[in-house]
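Here, each number is a calculation from the coordinates, and none is a lab measurement. Predicted, not measured: the structure shown is a model, and the values here were computed from it. Ideal geometry is used to build each Cβ from the backbone, glycine not excepted, and the neighbour counts take in all protein chains shown.
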C-alpha cells in the first residue's frame, strides 16, 4: 500500500473535477451535514461529496457516524446515521457521494449501493463505480452562501500568508 495523504488525494480530485464544477472545496461542512473531505457544487446547483478513506478501519468507522440535533417540535434530541440519510436521500445530503481510496484499501463489494467508488493509483484515479443520484434537491441556500463565504476567507488568509512569506524572504535577503 502507498502513503497518499488526504491533501494529495484532494488535489487529485480538484484537478479531475474543477472544470465541471461551480467550485470544489476541501474540508467543508455544509448546512446540517458532516464535514466533507471534498465538497463540490455543480454548475446546476447540486451538492457532491467525496469521502476519502486511507484505511479499511477508517471506512468501517464511517458506518457509525451519527448526526445529533434538538427537534424543537418534538422537544427531544434526535439522531440519524449518515448511511441512513444518504440511502434515504435526505435533502441535506449530497446528490452524489463517492468513497475515494488508495488502491488495495477496499473492494467494490465493500462500498454501499448509494456510493460511487474511486481508486487512487500512482499515476491515475479510476472511477470503479459511478455515484448514483440520491435525490433531486439542489444544495440548500445556506450551504451555498456559507461555502462562498468560506472560499472568500480562505483566499484572503492564503494571500496574507503568502505576502508575509514574501516579506520574510525580502528581509532575509537584506539581512
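Some observations on this one:
- When the chain is treated as a GNM with alpha-carbon contacts under 10 Å, the residue of 58, 109, 37 showing the greatest mean-square fluctuation is 109.
- Between residue 168 and residue 113, full extension at 0.36 nm per residue minus the direct alpha carbon distance yields a gain of 14.7 nm.
- Protection proxy ranking of 130-140, 13-23 - average other beta-carbon atoms within 10 Å, highest first: 130-140, 13-23
- When the P(r) of the chain is calculated, the portion above 22 Å amounts to 51% of the C-alpha pairs.
- Debye log10 I(q)/I(0) at q = 0.12, 0.25 Å⁻¹ for segment 77-149, Cα point scatterers: -0.42, -1.07
- Computed per residue of the chain from DSSP H runs no shorter than four, each worth -39500 (n - 2.57), the mean residue ellipticity at 222 nm is -11000 deg cm²/dmol.
- Ascending count of other beta-carbon atoms within 10 Å, so fewest first, for 7, 129: 7, 129
- Using equal-weight Cα scatterers in the Debye expression, the normalised intensity of segment 60-100 in log10 at q = 0.27 Å⁻¹ is -1.01.
- Ranked 126, 52, criterion: other C-beta atoms within 10 Å, fewest first: 126, 52
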